[in-house]
Amino acid sequence: MKFFITVIAIVLLSYVCGSYFPWWMIAVVGFVIALLIPQRAAAAFWSGFVAVFLLWLVLALRINAANDGILAGRIGLLLGIEKSPVLLAVITGLIGGLVTGLAALSACYLRQPKARLIK
């Protein structure tokens, strides 16, 4: 249950912060949520990863649909993936998911007592 609550909280706060602040606020959101809702390391990483992966995947596909794939086609040519908006959206989601997952994992390790980390 904590996993889904964490995912929903990260999605909502990342969406709101993404509207007003730079993109890297997703890392701050993942870090703060992982500090507030304690979980095991793997659950913390995957909750951050899944939340922003899905959020950025949906946002990238929505932006692609809004401009008829023009932007995705041009960026796809730059990246060497040709005109594949779905692959570009997946790559975008992976990058966001990794950033937030690692931030949440960092917060999880910060919460653990130092003696437990040394063993």
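Read-outs throughout are calculated quantities, based only on the coordinates presented, and are distinct from any laboratory measurement. Note that this is a predicted model, so its numbers are computed, not measured. Here the Cβ is made from the backbone with ideal geometry for all residues, glycine too, and neighbour counts use every protein chain on show.
Under a model in which nothing but the beta-carbon of Lys, Arg (+1) and Asp, Glu (-1) is charged, the chain shows a dipole of about 580 debye around its Cα centre.
Label sites at L12 and N67, each approximated as a point 7 angstrom past Cα along Cα to Cβ, lie 3.1 nm apart. Translational diffusion of the chain, estimated by Stokes-Einstein from the Kirkwood radius over alpha carbon pairs at 37 °C in a medium of 0.692 mPa s, is 221 µm² per second.
Work out which helices of the chain, taken as complete DSSP H runs, extend at least 30 Å along their axis over the Cα atoms and score a mean Kyte-Doolittle of 0.5 or more, then list them. Provide the component values of the computation, followed by the final result.
Working: long enough: 41-66 (38 Å, 1.84); 85-111 (39 Å, 1.73).
Flagged H segments are 41-66, 85-111.
Projecting the Cα positions of L87, S106, A60 onto the charge dipole of segment 46-119 (unit charges on Cβ atoms of Lys, Arg, Asp and Glu, taken about the Cα centre) puts S106 furthest along the positive direction. Figure legend: label point modelled 7 angstrom from the Cα of R40 along Cα→Cβ; residues of segment 1-29 with amide N under 18 Å from it are 1-7. R0 = 35 Å: FRET efficiency of F3 with L94, Cβ-based, nearest 0.05? Step by step, r from the Cβ atoms, then E = 0.95.
By per-residue mean of other Cβ atoms within 10 Å, what is the highest-first order of 38-46, 78-86? Mind dumping the intermediate values first?
Working: 38-46: 17.9, 78-86: 11.9.
So the order, starting with the most tightly packed, is 38-46, 78-86.
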